[in-house]
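Quick notes on the structure that follows.
Nothing in this text is a laboratory measurement; each read-out follows from the coordinates by a stated rule. Please read these numbers as outputs of a predicted model, since none were measured by experiment. Here the Cβ is made from the backbone with ideal geometry for all residues, glycine too, and neighbour counts use every protein chain on show.
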Amino acid sequence: MSNLRHTLHTLFKQTVENVTPPLTKSQFEEKRVLTPDEFVAAGDYLVHACPTWSWEGGDPKKRRTYFPANKQFLVTRNVPCMKRATELEGYNPNSEFAVAGGGDGEEAWVATHSDPAAASGSAGKEDVPNIDGEGAGGSGGAGAGAGNKDDDIPDITDLELNEADDEAAAPSGRPYLRAEEPADNIMRTRTYDLYITYDQYYQVPRFWLVGHDESRKPLLPQQVMEDVSEEHARKTITVDPHPHLAGLSAASIHPCRHADVMKKLVDNLLEAGREFRVEQYLVLFLKFIASVVPTIQYDYTMSVGGE
């Protein structure tokens, strides 16, 4: 039944996108969603700040006419993942912190693991670009830290899906090739190709993961789940066809709550007296995605919200 609900929702979403034009008037200030033009501006900023990310055009038959032909989606490839998220240390009460205080009976959002960027002190001050684009671009792995000013940008783990909110969180059951790992005690380094696309229906970015074992064999969906935090593995991850690449099904973090999460994060920055511009959107987006995939070592250390 879950697969059926997911399929029906996907068909409904595709129908709406086919008959409804994309957002043209900015609603960033009100809802923290993006128009296609704002997504391109945010992508350009990310590519400049962290050159391991790049634009691609994908399959010409799948191109969206509201994007430039060579800027359909963003990708970074061969990102290392040397440890399973399921192997991280257990709950540490000192590492739990509220993302946003609850009000009017609303529960606060809680991150259940330490911010990796704050764990190693000031070592990450080297080669970490600031929000004005100064400094070197990031490498394929995450930096050691983003400095004290970045510590108050919280991780976010409240991406739980509720069937009453959205029925699209059920796995689609699409087949994967099986990736067998040798039966020994040697830790095998996985790599991921990571994609950011624009979701026209939800008007937000969508994050996709394509994992490979050490022999470059695709990972099974349940193997990908091993690299997703336990809080999210069964609640926010779906497997769907990649919107721009033919013949590729990929795990993705379902975007139905992304606008709410980004609104909370941006509003927190502004309330703290820090600036935030729409072109910085994807930098902040990658920071909260890092709490969902804590062992996939892409660079999310760029500072956000001024100094």
(request) Only residues of the stretch 188-202 count here: report those whose backbone N is under 20 Å from the spot 7 Å along Cα→Cβ of E17, or say none. (result) 194-202
(message) Need the C-alpha centroid separation for the stretch 1-72 versus the stretch 232-272, integer Å.
(response) 12 Å
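Could you tell me whether the stretch 226-267 comes out rounded, prolate or oblate from its Cα gyration tensor? Rule is a ≥ b ≥ c as square roots of the eigenvalues, rounded for a/c under 1.5, then prolate if a/b exceeds b/c, otherwise oblate. Walk me through the numbers before you get to the answer.
Details: a/c = 3.20, a/b = 1.48, b/c = 2.17.
It comes out oblate by the Cα gyration axes.
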(message) 7 Å from Cα along Cα→Cβ at both A272 and K217: what's the point-to-point distance in nm?
(response) 4.4 nm
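Specify whether the C-alpha gyration tensor of the stretch 235-307 places it in the rounded, prolate or oblate class, a ≥ b ≥ c being the square roots of the eigenvalues: rounded for a/c under 1.5, otherwise prolate if a/b is larger than b/c and oblate if not. Spell out each step's value before the answer.
Values: a/c = 2.28, a/b = 2.00, b/c = 1.14.
Taking the square roots of the gyration eigenvalues as a ≥ b ≥ c, the stretch 235-307 is prolate.
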(request) Can you check what the net charge comes to around A246, using other residues whose Cβ is under 11 Å from the Cβ of A246 (Lys, Arg +1; Asp, Glu -1)? (result) +1
(message) Cross-link candidates for K31: which lysines have Cα within less than 17 Å, leaving aside residues fewer than 8 places away along the same chain?
(response) K263, K264
